[in-house]
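Structure first, then comments.
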Amino acid sequence: MFLRVAETLPEEVLIKVSAGPKLDYPVIKANDLLKHDGILVGVPAYYGGIPAELKAFWDSTGHLFSTGALWHKHGGAFVVTSAMGGGQESAFYGLMSTFTHHGIIFVPLGYKHAFSQLTNLQEVHGGSPWGAGSLAKGDGSRLPSPLELDVATIQGRTFYKAMIGARDE
């Protein structure tokens, strides 16, 4: 299921900054997290951090934090930045504090199943052992590459296996 966080900027500001159209996914509410065993968060990293909209969403989960409602759910992330040094890994760090306070078990991608993809030096790509990643241009003209999509697929598969407790021999 794909969900998105609510936009926090007024429409007139979005127009002035040439923000692209929003995807037609339902807006997640804090209590929606209770319906899911795992949470894979897509993070468009800004200046090496998570965007204000995502921070505002997690700030709205205080009632879940205070009751331990997300304790031992599995969590992971994938990121997109506009440059190689755009802060993909530091965006993961930004989620770690939130996950830790909630008791969410962070499931990294790691290298075991994606070593050749993550260490590929033949093409420019995002991603790290923290999670899948992509590089994008602000105008939307660069979409995830086949290599980046392969890493994302591997992350989805290994995340699922971790969630169901499958041993990977």
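The values are calculated or read from the model by the stated rules, or taken from the named source; none is laboratory data. All values derive from a computational prediction rather than experimental measurement. Ideal geometry is used to build each Cβ from the backbone, glycine not excepted, and the neighbour counts take in all protein chains shown. Only protein heavy atoms, including side chains, enter the accessible area calculation; ligands, DNA and RNA are left aside. Shrake-Rupley method; radii C 1.70, N 1.55, O 1.52, S 1.80 Å.
Brief remarks follow.
- Unique residue being outside any helix (DSSP H, G or I) and basic (Lys, Arg) when the list is Lys22, Lys55: Lys22
- Unmet criterion (only one of (1) assigned to a loop (DSSP other than H, G, I, E, B); (2) under 28 Å from Gly165 (Cα atoms); (3) hydrophobic (A, V, I, L, M, F, W, C)) for Ala6: (2)
- Of the residues making up segment 99-136, not one is closer than 30 Å to Asp59 by Cβ and of a type in the set (D, E, K, R).
- Cβ-Cβ under 6 Å pairs, at least 6 apart or on other chains, segment 39-57 side farther than 15 Å from Trp130 by Cβ and touching a residue at least 12 places away in the same chain (Cβ under 8 Å), far side in a strand (DSSP E or B) and open to solvent by 20 Å² or more (accessible area, probe 1.4 Å): Pro44/Val80
- Residue count, segment 127-151 (criterion: of a type in the set (A, V, I, L, M), open to solvent by less than 50 Å² (accessible area, probe 1.4 Å) and either within 19 Å of Leu40 (Cα to Cα) or not in a loop (DSSP other than H, G, I, E, B) (or both)): 4
- Of all residues in segment 28-47, those satisfying the criterion of being open to solvent by 20 Å² or more (accessible area, probe 1.4 Å), out of contact with any strand residue (DSSP E or B) (no Cβ under 8 Å at 6 or more places or on another chain) and of a type outside the set (Asp, Glu) are Lys29, Asn31, Leu34, Lys35, His36, Tyr46, Tyr47.
- Residues located in segment 152-169, provided they are part of a loop (DSSP other than H, G, I, E, B) and either modelled with pLDDT of 95 or more or among the aliphatic types (A, V, I, L, M) (or both): Ala166
- Residue list for segment 63-115, filter: under 14 Å from Val151 (Cβ atoms) and open to solvent by less than 80 Å² (accessible area, probe 1.4 Å): Gly76, Ala77, Val79, Val80, Gln88, Pro108, Leu109, Gly110, His113, Ala114
- Among the residues making up segment 11-27, those that are open to solvent by 60 Å² or more (accessible area, probe 1.4 Å) and not polar (S, T, N, Q) are Glu11, Glu12, Ile15, Lys16, Val17, Pro21, Lys22, Leu23, Asp24, Tyr25, Pro26.
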